Amino acid sequence: MLSAKLVQLIEAHWDEIAKRLIAAIRRHPEMEHLSKCPEIELREWCQDILQKLGELLSVSKHEEVQRRFQVLGKMRFEQNIPLHEAVLRVHLLKDKIVGFVHEQGFPMNAMQLYAEEELEQRMGRFFDACVYHVVLGYERAWRRAERLAS
């Protein structure tokens, strides 16, 4: 895949992207709860995804992505983090990755443009699946809690 080098670049610079995400979370007006999370927690979440991005983008890792993000949704429910914040964090991470890639200043020939477009499409599918599974995990935990409460 042409975008493999871009994925490697993202994985190698995960810490820069994590810093950008943490700063965005801290200043975002709709991140009341997640903005209060310890930096180490936010940083480790980014590291866990970004250092394994190539693996996670692989079609063969679909079940791992499902499990990982459903667990994340369940955890956010248990931590009383609003669902919109959990989803917004995923969207912000995708935005920070795309922004990082665009800022690298690679010479823009047809192959480079194709590689960036390919990566954005792969990431779009990946992050859409992440959001779906975060919501699914959150809703399942919510329903379980409602059943236990009644």
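The values are calculated or read from the model by the stated rules, or taken from the named source; none is laboratory data. This is a predicted model, so every value here is computed, not measured. Note: ideal-geometry Cβ built from the backbone for every residue, glycine included; neighbour counts use all protein chains shown. Side chains included, ligands, DNA and RNA excluded: accessible areas come from the protein's heavy atoms. Shrake-Rupley method; radii C 1.70, N 1.55, O 1.52, S 1.80 Å.
Along the Cα-to-Cβ line of E30, 7 Å from the Cα, sits a label point; which residues in the stretch 58-93 have backbone N less than 11 Å from it? From the stretch 58-93, the list is 84-89, 91-92.
Remark on the stretch 65-135: hydrodynamic radius 13.4 angstrom, per the Kirkwood mean of 1/r across alpha carbon pairs. The convex hull defined by the C-alpha atoms of the stretch 21-62 has an orientation-averaged projected area of 3.5 nm².
Solvent exposure of S58, expressed as accessible area, is near 40 Å², computed with a probe of 1.4 Å over the protein chains only.
When Cα extents along the principal axes in Å is calculated for this entry, the matching label among (i) 44, 37, 27; (ii) 61, 34, 20; (iii) 53, 42, 24 is (ii).
Across M123, M31, M111, mean-square fluctuation computed from a Gaussian network of the chain (C-alpha pairs under 10 Å connected) peaks at M111.
Quick one: dipole size for the chain, taken about the Cα centre, charges +1 on Lys/Arg Cβ and -1 on Asp/Glu Cβ, in debye to the nearest 20. Provide the component values of the computation, followed by the final result.
On the way: 22 positive and 23 negative charges, 96 e Å.
Value, rounded to 20: 460 debye.
Tell me what the chain gives for mean residue ellipticity at 222 nm when only DSSP H runs of n ≥ 4 count, each as -39,500 (n - 2.57), the sum divided by the residue total, rounded to 500 deg cm²/dmol. The partial results should precede the final answer.
Details: 7 runs with 117 residues, N = 150.
About -26000 deg cm²/dmol.
Among the lysines of the chain, pairs at least eight places apart or on separate chains and with Cα atoms under 14 Å apart come to 4.
Could you give log10 I(q)/I(0) at q = 0.16 Å⁻¹ for the stretch 1-50, computed by the Debye formula over C-alpha point scatterers of equal weight, without solvent? Those come out to -0.49, one per q. Across all directions, the average projected area of the convex hull around the alpha carbons of the stretch 44-97 is 3.8 nm². Computed over the stretch 103-150, the alpha-carbon pair-distance distribution with 10 angstrom bins reads 22, 26, 19, 15, 11, 6, 0, each value a whole percent.
A full extension of the chain between A129 and E41 corresponds to an added length of 29.5 nm, given 0.36 nm per residue minus the alpha carbon distance.
Given the C-alpha centroids of the stretch 1-25 and the stretch 76-101, what is the distance between them in whole angstrom? Comparing the Cα centres of the stretch 1-25 and the stretch 76-101, I get a distance of 15 Å.
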